[in-house]
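The structure appears below as structure tokens.
The values are calculated or read from the model by the stated rules, or taken from the named source; none is laboratory data. For clarity, every value in this text was computed on a predicted model and none was experimentally measured. So basically every Cβ, Gly included, is an ideal-geometry build from the backbone, and we count neighbours across all protein chains shown. Quick note on the areas: whole protein, heavy atoms, side chains included, nothing else; ligands and nucleic acids left out. Shrake-Rupley method; radii C 1.70, N 1.55, O 1.52, S 1.80 Å.
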Amino acid sequence: MEIKGIIFDLDGVICSTDEYHYQAWKKMADHEGIYFDRKINERLRGVSRAASLEIILEKADRQYSDEEKLEMMTKKNDLYKEFLSSMTERDVSSEVSDTLNALRAKGLKLAIGSSSQNTKLILSRIGLLDFFDGISDGTIISQSKPNPEVFIKAAGILQLRNENCFVVEDAEAGIDAAVAGGFHSIGIGSASSYDKAEYKINSFKEIIDLV
């Protein structure tokens, strides 16, 4: 196994915006009178905005038109971006920052592979927009995780073969995408106990020992 590049999911791996997502979806759902709690929110990890809305609408007492769904997704995203405005470089831990610099020093190519359409906004807020060699996000993909498209495009940007890349993920859907794309996978956070993760780590800095 020759690892030449590492593709990181963004939310929950490089930084955490989970609470912002939850609060935005919760406010939107409450406005519509749809029951939504943190247990349901866990099912949204790693999936697209449209797929997340469909999960939330399972608790709705009526059917929504495509136009209404679009309005709801827009409302959620507007709320989410309001929350993101409070993010700063302090939202990246010293462990993550030090590890990224150590990996770069080893000569590895580094990329982001996130289904979020707000990836560049978040990276800009936390001071990492220009750090990575490539960014593959929700603005250039047609299928979200567990489809491997976002990682395949990231590897393409890095000009590396899939099998020469690690994918670092905290969601099972992301690990599934990595496996489907023929990548080596590292599970962290919630994905550290997922049996399909090739490597399981408890802290971000452990990535250094794997390369």
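Normalising the average separation of contacting C-alpha pairs (under 8 angstrom, six or more residues apart) by the number of residues puts the relative contact order of the chain at 25 percent. Here the calculated FRET efficiency for ASP195 and ALA102, from their Cβ-Cβ distance with R0 = 41 Å, stands at 0.90, rounded to the nearest 0.05. In the context of the full set of protein chains, the stretch 2-65 has a per residue accessible area of 50 Å² (1.4 Å probe).
The heavy atoms of HIS31 offer some 130 square angstrom of accessible surface to a 1.4 angstrom probe. Across the accessible surface of the stretch 33-135, with the other protein chains kept in place and a 1.4 Å probe, carbon and sulfur atoms take up 45 percent. A straight Cα-to-Cα reach below 15 Å connects LYS109 with the aspartates and glutamates GLU2, ASP9, ASP130, ASP133, GLU163, residues fewer than 8 places away in its own chain not being considered. Accessible area ranking (1.4 Å probe, heavy atoms, ligands and nucleic acids excluded), largest first, for ASP66, ASP9: ASP66, ASP9.
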